[in-house]
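Before any comments, here is the structure.
Only the coordinates and a few stated rules stand behind these numbers; no lab work does. All of these numbers come straight from a predicted model, not from anything done at the bench. Glycine gets a Cβ as well: all are built from the backbone with ideal geometry, and neighbour counts include every protein chain shown.
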Amino acid sequence: MKKFTKLTSAIVPLNIENIDTDQIIPARFLKATTREGFGENLFRDWRYENNNQPKADFVLNDPTYSGKILVAGKNFGCGSSREHAAWAIQDAGFDAVISSFFADIFKGNALNNGLLPIQVSEDFLASIFKAVEGNATSPLEVDLENQTVTIIETGAQESFEINPYKKSCLINGYDDIDFILAQKHLVEEFEKR
Amino acid sequence: MSKTLVEKIWDAHIVKSEEGFPDILYIDTHLIHEVTSPQAFDGLRKRGLPVLRPKQTVATADHNVPTLNQLMPIKEELSRYQVDMLTKNCAEFGIELYGLGHPFQGIVHVIGPELGITLPGKTMVCGDSHTSTHGAFGAIAFGIGTSQVEQVFATQCLLLSKPKTMKIEVNGTLEKGVGAKDIILYIIAQISAAGGTGYFIEYAGSAIEALSMEARMTICNMSIEMGARGGLIAPDQTTFEYIKGREFAPAGEEWDKALAYWKTLYSDADAKFDSVLTFDAADIAPMITYGTNPGMGMGIQENIPATNTQPEKEKLSYQKALDYMGFDDDAALIGKPVDYVFIGSCTNSRIEDLREVAAFVKDKRKATNVTVWIVPGSKQVEQQAINEGLDKIFEAAGFQLREPGCSACLGMNEDKIPAGKYCVSTSNRNFEGRQGQNARTLLASPLTAAAAAVTGVITDVREILEKA
């Protein structure tokens, strides 16, 4: 799994609430049997016209914004369990997603792939959106070790929560399968009960 | 110590619980399908691992399959490849597959219960968020991502933190024309599409206890639409009667042993829930959604809430949803023409749904402006419908009875709703583009869908039932 420690980057703002996984990656693109290549269809129907022309007013098509951090409205990733949503975001070059609230399954999927989901307060989310209104390339610093997000220009900072086990997985790049297989005897003992 | 039902089942499946780490939870049954499994099988190959317990894994092809001429090769190349991959992977790793042509094939959440694979007290997972359906039997059942599918393949376990618990009680009696789908759409409209996030929900109360198993499945199915990973209902006589005699259900001595255990599966009277909500069944009308998430629902006679009544920071998203649907705020939906009616999906494609629709449309005919698709949840449901002569009733009404699959719920196969068209759908999600690019979905019960099919417009089914 991809490691994550510290990240300083401009952001891509997507100030919409309840962004569901069908928007992130529509079902018709779930037919691939590998994990790669989903990025080109990330937010497909918001990003492209039916004739595949990019929609100029969609933020991913706006060269003003770029960066490795996607910032979105609350209840991000609701809907289907498709991990393809996390893969698509990662494949499009993002390493972290910030929102004021994440759907459960999406959050787990993101963590299992080294894509860091960062939940911040409504107020802090609003101040991130405000910062890019003033300066489109206003950078954020994400520090996983110290569990903080900082708007570098203003110095405004907030801490975020993360399960300590998941945190160490991200920092070290190991995953749940390694963890359980190391204790496989316990599974076999459980089955005998 | 008193425990909730979720805690009882969870605690009985803990392989290891250690401070500072998620629990290692044992998974009894792993259901898989063609869309969310190929990358997990690939992962196993890369690690050189087998599926640890193939006998506890069951596969079917449902998301991608055509619902016409299923015995012909799948025309769409990528869909065919994905279904073929499943067949290959199951053969290589020793997993039983109920694929196309098999009499047990069907939507994964329909076949588990009807085959007696879904049982009280089990832990069940599937790479599909509607796995919560199986909770209707008093099981801990939830959707997982593909990395977790791989994890269960490799270890028959998941690393998880114990969820918070919520009890939702619905008491009283439902009005005629109001059913399980209306109950769950009502609850989601009350608490929003995120209101259950982080929780496992236990549904209880006299209105829930009065429901059949299939109706209970409809309720638990949509738990994820309020963000809850799972929802469950304590097993009772209704549950036991449903299970007895099914293909893989325990029998003989095993049955007696199982039944004795199942009877201990309820929340203790003084068990503590993290949250408790109570609703009155009498307040629930036939429901319909007007927006682009399942929380945007209302009683069918109501007007769409005005944009200016929405919280300031939600107005933009709210208006965006109404624009997508082509609806004005504060407008009524009654009388609005519809183009398609879809009766199917893991929410409402079981035999009772088909019977209810057939009873309603008998001697009626669909409106000329509407295309009606009925997609049964499984081969067994399809066969049962034919045995009961429901196919003849549908045919006479101009409804098309198709073959089983997920179909127009998510339009991964050819069953797509065209751009701009309105579809009254018994499925579970009204997201933008869910049923096809720019398709407009209105979620409703099978009866409300059938009423729209017959009149060609959004209709309060109670008015037709009263006249009958």
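Take each residue of peptide B:12-19, count the partner chain Cβ atoms within 10 Å of its Cβ, and average: the result is 3.
What per residue convex hull volume, in Å³, do the alpha-carbon atoms of chain B yield? Don't jump to the answer; show the numbers that get you there.
Values: hull volume 71.3 nm³, N = 468.
For chain B, the hull spanned by Cα atoms encloses 152 Å³ per residue.
Each Lys or Arg adds one and each Asp or Glu takes one away; over the other residues whose Cβ falls under 10 Å from the Cβ of residue B:439, this sums to +2.
Past 21 Å, Cα to Cα: identify those pairs from A:6/A:166; A:31/B:55; B:181/B:313; A:74/B:8; A:192/B:16; A:68/A:107, in the order given. In this structure, A:31/B:55; B:181/B:313; A:74/B:8 lie more than 21 Å apart at Cα. Between A:27, A:96, A:86, where does the largest GNM mean-square fluctuation fall for chain A, given springs only between Cα atoms within less than 10 Å? Comparing A:27, A:96, A:86 in the GNM, the peak value goes to A:27. Skipping prolines and chain starts, which residues have an amide H placed within reach, meaning under 5 Å, of the one on residue B:116, given they are 5 or more residues away or on another chain? Distant-sequence amide H within range of residue B:116: B:248. Once the C-beta distance of residue B:236 and residue B:312 is scaled by a Förster radius of 35 Å, the resulting FRET efficiency is 0.15 to the nearest 0.05.
Which net charge results when you count Lys and Arg as +1 and Asp and Glu as -1 among the other residues whose beta-carbon is under 10 Å from that of residue B:238? Could you put the intermediate results ahead of the total?
Values: positive: B:216; negative: B:209, B:236, B:241.
Residues close to residue B:238 contribute a combined charge of -2.
Putting +1 on Lys and Arg Cβ atoms and -1 on Asp and Glu Cβ atoms, find which of A:148, B:36, B:359 reaches farthest to the positive end of the dipole of the protein assembly as shown. It is B:36, whose Cα lies furthest towards the positive end.
Let me check against my output: what whole-number percent is the relative contact order of chain B, with C-alpha pairs under 8 Å and at least 6 apart? Present the calculation step by step, with values, prior to reporting the outcome.
Working: 1122 pairs, mean separation 80.5, N = 468.
Averaging sequence separation for qualifying contacts and normalising by length gives 17 percent for chain B.
Here the label points at residue B:12 and residue B:257, each 7 Å from Cα along the C-beta direction, are separated by 1.3 nm in the simple model. Of the peptides A:141-149, B:283-291, B:247-255, the order by per-residue mean of other Cβ atoms within 10 Å, starting with the highest, comes out as B:283-291, A:141-149, B:247-255.
Amide H contacts of residue B:231 (H built 1.01 Å from N, in plane; Pro and chain starts excluded): B:135, B:141, B:201 sit under 5 Å, all sequence-distant by 5 or more or on other chains.
For the protein assembly as shown, what proportion of DSSP beta bridges, expressed in % and rounded to the nearest 5, is antiparallel? Write out the running numbers ahead of the final one.
Values: 25 of 79 bridges.
Here the share of antiparallel DSSP bridges comes out near 30 percent.
Gain on full extension, evaluated as 0.36 nm per residue between residue B:319 and residue B:269 minus their Cα-Cα distance, stands at 13.5 nm. Entry note, the range B:357-466: relative contact order of 26 percent, from Cα contacts under 8 Å with a spacing of 6+ residues. Rg/Rh, computed from the Cα trace of the range B:332-466 with Rh as the Kirkwood radius, has the value 0.94.
Taken over the range B:332-466, lysine pairs spaced eight or more positions apart, or on distinct chains, with alpha carbons under 15 Å apart number 4. Within 10 Å of the Cβ of each residue in A:184-191, the mean number of Cβ atoms contributed by other protein chains is 5. Packing order of peptides B:212-223, A:151-162, B:414-425, highest average first: B:212-223, B:414-425, A:151-162 (average count of other Cβ atoms within 10 Å over each peptide's residues). Packing, as the average of other Cβ atoms within 10 Å across residues, places the peptides A:177-190, A:46-59, B:62-75 in the order B:62-75, A:177-190, A:46-59, highest first. The residues neighbouring residue B:47, those whose beta-carbon lies less than 14 Å from its own, together hold a net charge of -2 under the Lys/Arg +1, Asp/Glu -1 convention.
Given R₀ = 45 Å, what would the calculated FRET efficiency be for residue B:359 paired with residue A:148, taking r from the Cβ atoms and rounding to 0.05?
Numbers: r = 61 Å, r/R0 = 1.35.
Calculated transfer efficiency: 0.15.
Full extension of the chain segment joining residue A:6 with residue A:126 gains 41.0 nm, where the gain is 0.36 nm per residue of separation less the Cα-Cα distance.
The charge dipole of the protein assembly as shown, taken about the Cα centre with unit charges on the Cβ atoms of Lys, Arg (+1) and Asp, Glu (-1), comes to about 1000 debye, rounded to the nearest 20. Once the Cα-Cα distance is subtracted from the 0.36 nm per residue extended length, the residue B:164 to residue B:400 segment shows a gain of 80.6 nm.
Using Cα-Cα distances under 8 Å and only pairs 6 or more residues apart, what relative contact order does the range B:253-404 have, in percent? Provide the component values of the computation, followed by the final result.
Numbers: 166 pairs, mean separation 24.8, N = 152.
The normalised contact order for the range B:253-404 reaches 16 percent.
Adding -39500 (n - 2.57) for every DSSP H run of four residues or longer, then dividing by how many residues the protein assembly as shown holds, sets the calculated 222 nm ellipticity at -9000 deg cm²/dmol. Placing unit charges on the Cβ atoms only, positive for Lys and Arg and negative for Asp and Glu, gives the range A:6-192 a dipole magnitude near 320 debye about its Cα centre.
Note on the range B:244-303 and the range B:392-434: Cα centroid distance 25 Å, given to the nearest whole angstrom.
Averaged over the residues of peptide B:120-129, the number of Cβ atoms from other protein chains lying within 10 Å of each residue's Cβ is 2. Taking a ≥ b ≥ c as the square roots of the Cα gyration tensor eigenvalues, the protein assembly as shown comes out rounded, since a/c falls below 1.5.
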